[in-house]
Every structure is written in C-alpha cells, then in structure tokens.
C-alpha cells in the first residue's frame with residue numbers, strides 16, 4: 001500500500017525525524033516497472049534484505065542484485081523498533097547446543113555479540129549518522145522473584161563460560177547508577193548492546209547499497225516467491241533470478257503459502273519530548289544504555305541521541321488469522337499502559353509530554369529460534385525469526401546469507417543457526433488460542449510476582465517453553 005511522504009513519517013518517531021527532501025517529505029523510490037532478470041533477488045527492504053545486499057555487493061560486485069520492497073525501505077520493523085542493537089538471539093544457547101555442541105553454540109553467541117561492533121564499523125565507513133552508542137543493556141530486578149532469577153542466571157552464564165566482561169551482576173546501588181528507576185533490587189549488565197536510531201540506519205544502509213549498484217524497487221508488492229521467480233501483485237512485473245532471498249519477517253504471512261511461517265506479534269512504543277539534563281541527573285542513563293526490567297511481559301527503552309526516552313512493550317492483542325492491521329498500531333489502551341509503566345519506573349516523567357505513539361509487528365517462528373538458511377535445489381535463501389531482537393542479528397544474517405549464496409568457505413556458514421528449520425504454526429483457531437494463552441500466562445505471572453514477591457511457576461514454565 002502506497003503512502004505519501006507525510007504518512008510515512010507518522011509510522012514512528014524514527015521515521016518522523018529523518019531528514020527529508022526540501023519539502024520535508026519522506027518519499028519512496030521508483031517501483032519495478034518491467035520484468036527483469038538478476039543474479040539475486042531479495043524480497044524485503046528491511047535490515048535482513050539490505051544487509052544481505054550490502055555484503056553480496058561487497059563480496060561479488062559483478063552480481064546483478066535487486067531488492068523488492070512493498071513500501072519503503074524501513075517501513076516495517078526496521079524503521080519502528082526500539083533501537084536496541086543487542087548481540088544476542090531470542091532463542092536460548094541450549095537450543096543451538098542440542099543441534100551441534102556447547103562449544104559451537106558458544107561460538108554462535110560470541111559471533112552475534114561481535115556483530116554489534118560490525119554494525120558500528122559499517123556506520124563509520126558509510127558515514128551513517130544513526131546515533132550509535134554502545135552503552136550496554138541493563139536489566140533491572142524490581143521484586144524479589146526477579147532478583148532471584150537474576151542471581152540464578154548469572155550463575156548459569158558463568159557455568160556456560162561467559163565472563164564478567166560479557167555479562168555481570170549488579171547490586172542495587174550499581175544498577176541504580178546506570179538506571180535510577182523505582183524499586184530496584186539488583187540488575188544485570190550485558191555488554192554487547194548499543195542504542196541507535198533504526199530508521200537512520202536502515203535508510204542509510206539503503207543508500208550504501210544503491211551506491212554499490214544494487215537496484216531497489218520500492219512500492220512494489222510481492223504476492224509470491226516461486227522457484228526462480230518473484231511474482232508481484234495484481235499481475236505486475238516478474239523478477240527472475242536463480243537465487244531469491246525471502247527477508248520479510250512478520251510480513252511473510254502476505255506471501256502465497258507463507259501464512260503460517262511467522263506469527264506477526266505487535267509491539268508498541270511511545271517517545272517523550274526532549275528532556276533537560278536535570279531529568280537525566282535524576283534518572284541516570286549516562287552513556288545511553290538500553291534498559292528493561294525482568295518482568296515476563298517484555299518492556300524496553302533507550303535514551304535517544306536527542307535526549308528523549310523511547311519506550312515500548314508488548315501486549316496489544318494478536319489478531320486472528322495473523323492479520324496485520326494498521327489501526328492496531330495506535331491501540332490506545334496499550335499505549336496508555338506503556339506510558340503508565342514508564343512513569344512507574346521514572347515518576348519524574350509523569351508530566352512530560354509524549355510526542356509520538358506508534359507500533360508495528362515482529363516475526364516469531366513456531367520454534368522461537370532465529371535462523372539463516374539456504375535451499376540450493378530451489379534457489380531460495382531465508383533469514384529471520386528474530387522475535388524482536390533483529391537489529392543486530394540481521395547483520396550477522398546478511399553476512400551469513402552472502403557467504404552461503406556465494407559459496408564462500410567461512411566460519412559463518414557452519415554456525416549452528418544455519419539451516420535450522422521451524423515447522424509451521426498451527427491453523428486457526430489453535431494459533432490464536434496459543435498466542436493469547438501464553439500472553440495471559442505472562443501477564444498473570446507478573447501480577448503474582450509483584451504482589452507476592454514469589455516466583456510464578458507458570459511464568460517459569462512458559463518462559464522455558466518459549467526459549
């Protein structure tokens with residue numbers, strides 16, 4: 001669906017504050033006009049698709065590469081997320097260890113963590129000003145149950161082989177030194193994380209890709225990916241290629257045969273007006289660490305480069321049939337809950353103006369396990385299933401797919417997330433019941449833990465099943 005430049009800006013704080021053309025509009029590039037043939041066709045102009053194009057063009061500049069995007073590059077999660085460039089994967093280490101070994105899973109974990117610095121390197125080389133600040137991630141414990149889980153987690157991470165420089169425990173005073181929220185009992189500091197402006201990164205990456213000769217066709221909806229062909233909607237032009245990359249994440253459900261590949265889960269955000277230094281003197285966030293607490297119903301925040309607080313959480317209803325509805329991105333009750341939670345953390349923000357409210361979908365595979373994969377027999381490569389942690393992981397996915405496609409013998413192509421296969425989600429109404437049931441359990445678990453200070457067994461079980 002085409003938008004005008006001003007409508008694109010309404011999609012998020014990040015897109016709204018992008019530099020535009022002289023009229024201030026944020027406009028889309030030209031659509032695909034005619035049938036074409038390329039060496040690699042990439043469906044999706046978000047982080048996964050663009051990083052893949054970037055590294056393919058770098059490794060094999062002679063390749064003809066085309067990116068086909070339904071709206072504009074960064075329209076989806078890449079332009080609307082929380083701006084956490086965090087070097088971890090949504091699935092637990094044990095998931096990958098079971099299909100390889102503990103050492104191989106550790107190699108994957110450390111390779112993902114190192115991708116944070118690779119993102120920083122590219123932004124520097126390409127001159128992409130996205131407010132990158134590697135301040136780490138701070139997870140607060142704000143009741144006794146959360147504090148107990150944090151102590152157990154640190155002990156488990158040490159047993160796996162992670163060291164103090166990678167992840168460490170914070171006592172209450174140390175945690176408040178990073179993020180001075182209410183009711184802090186303890187914290188965890190995870191070093192491989194940076195705050196950034198995702199829209200500036202994704203749009204800057206698109207320009208870098210174009211400068212390398214990659215064709216980007218925006219405002220071109222794809223209806224199906226077939227062996228050797230990208231079919232556009234309404235009988236439009238076809239792109240033929242011996243290798244096609246599906247990089248559509250939560251929007252995969254719009255492609256023929258992919259309705260049950262990924263569940264699109266909503267996450268919504270708010271952003272404050274720019275804040276005075278006196279406010280940060282009270283709430284901390286020096287060095288711009290990303291922050292959250294250890295509740296089951298995920299929340300996340302950052303101090304932006306222009307001194308706002310961008311803060312979000314999950315909780316808006318899943319729509320039956322994996323439907324995506326733009327009206328749900330402005331779900332008033334969820335935005336009010338997110339604002340209330342922000343003020344609960346930082347009461348000093350009670351009277352601060354909220355300038356932006358937005359939302360979007362992230363992609364969740366049935367096994368909750370991010371992966372990069374290639375099917376040479378059918379000429380199809382895919383990556384995704386980040387479950388909300390794709391800003392950094394997509395960089396590794398792009399490098400991995402580039403090596404797989406060019407048959408480069410690298411350490412990336414043997415990582416244990418390569419060629420992980422997830423089964424399809426259940427048909428409705430089972431899918432709806434499962435997603436809603438899990439959400440209800442998580443919300444109930446948080447209420448129990450805040451009220452009783454004791455761990456919720458249901459919450460622990462649901463968390464283990466998801467990871």
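What is the log10 of I(q)/I(0) for segment 366-467, computed with the Debye formula using one identical point scatterer on each Cα and no solvent, at q = 0.16 Å⁻¹? Treating every Cα as an identical point scatterer, log10 I(q)/I(0) equals -0.82. What's the angle, to the nearest 10 degrees (0 to 90), between helix 198-211's Cα axis and the longest principal axis of the chain? Approximately 20 degrees, to the nearest ten. Given R0 = 60 Å, the distance between the Cβ atoms of residue 277 and residue 424 translates into a calculated FRET efficiency of 0.70. In the chain, the DSSP beta bridges split such that about 70 percent are antiparallel, to the nearest 5. Each label point was placed 7 Å from the Cα along the Cα-to-Cβ direction; for residue 438 and residue 451 their separation is 2.5 nm. Using only Cα atoms, find the angle between the long axis of helix 390-405 and the longest principal axis of the chain, and express it within 0 to 90 degrees, rounded to the nearest 10. Between the helix axis and the principal axis of the chain, the angle is about 30 degrees.
When Rg and the Kirkwood radius Rh are both evaluated on Cα atoms of segment 261-391, their ratio Rg/Rh stands at 1.06. Globularity index of segment 1-129 is 1.28 (Cα radius of gyration / 2.2 N^0.38 Å, N = number of residues). Computed from the Cβ-Cβ distance with R0 of 45 Å, the FRET efficiency linking residue 330 to residue 458 stands at 0.90.
Quick note on segment 68-148: its Rg to Rh ratio, both from C-alpha atoms and Rh being the Kirkwood radius, is 1.06.
Computed over the alpha-carbon pairs of the chain, the distance histogram in 20 Å steps reads 25, 60, 15, 0 percent, short to long.
Computed over segment 93-239, the P(r) curve from all C-alpha pair distances, binned at 10 Å from the origin, holds 10, 24, 24, 24, 13, 5, 0 percent per bin.
When the helix-only estimate is applied to the chain (DSSP H runs of n ≥ 4, each -39,500 (n - 2.57), divided by the residue count), what is the mean residue ellipticity at 222 nm, nearest 500 deg cm²/dmol? Write out the running numbers ahead of the final one.
Working: 13 runs with 161 residues, N = 467.
For the chain, the value works out to -11000 deg cm²/dmol.
Legend: ranking of residues 342, 458 from fewest to most surrounding C-beta atoms inside 10 Å; resulting order 458, 342.
Rounded, prolate or oblate, given the Cα gyration tensor of segment 210-269, with a/c below 1.5 counting as rounded? Oblate is the answer for segment 210-269, as a/c is 1.5 or above yet b/c matches or exceeds a/b. With the simple spin-label model, which puts each label point 7 Å out from Cα in the Cβ direction, the residue 102 to residue 172 separation comes to 3.5 nm. Size descriptors for segment 13-65 (Cα atoms only): Rg and Dmax, in that order, 14.5, 37 Å. What is the projected area of the convex hull of the Cα atoms of segment 347-390, averaged over all directions, in nm²? Convex hull of Cα atoms, orientation-averaged projection: 5.5 nm².
Where does helix 47-59 land angle-wise versus the long Cα axis of the chain, in degrees 0 to 90, nearest 10? Its long axis makes an angle of about 60 degrees. Ordering 386, 266 by the number of other Cβ atoms within 10 Å of each residue's own Cβ, fewest first, gives 266, 386.
When 354, 460, 405 are sorted by how many other C-beta atoms sit within 10 angstrom of their C-beta, beginning with the fewest, the order is 460, 354, 405. Once the chain from residue 121 to residue 155 is taken as fully extended at 0.36 nm per residue, the excess over their C-alpha distance is 9.0 nm.
All of the numbers you see were taken from the coordinates with simple rules; none came from a lab. Treat the numbers as computed from the prediction; the structure is a model and nothing was measured. Please note: Cβ atoms are built from the backbone with ideal geometry, for glycine as well, and neighbour counts cover all protein chains shown.
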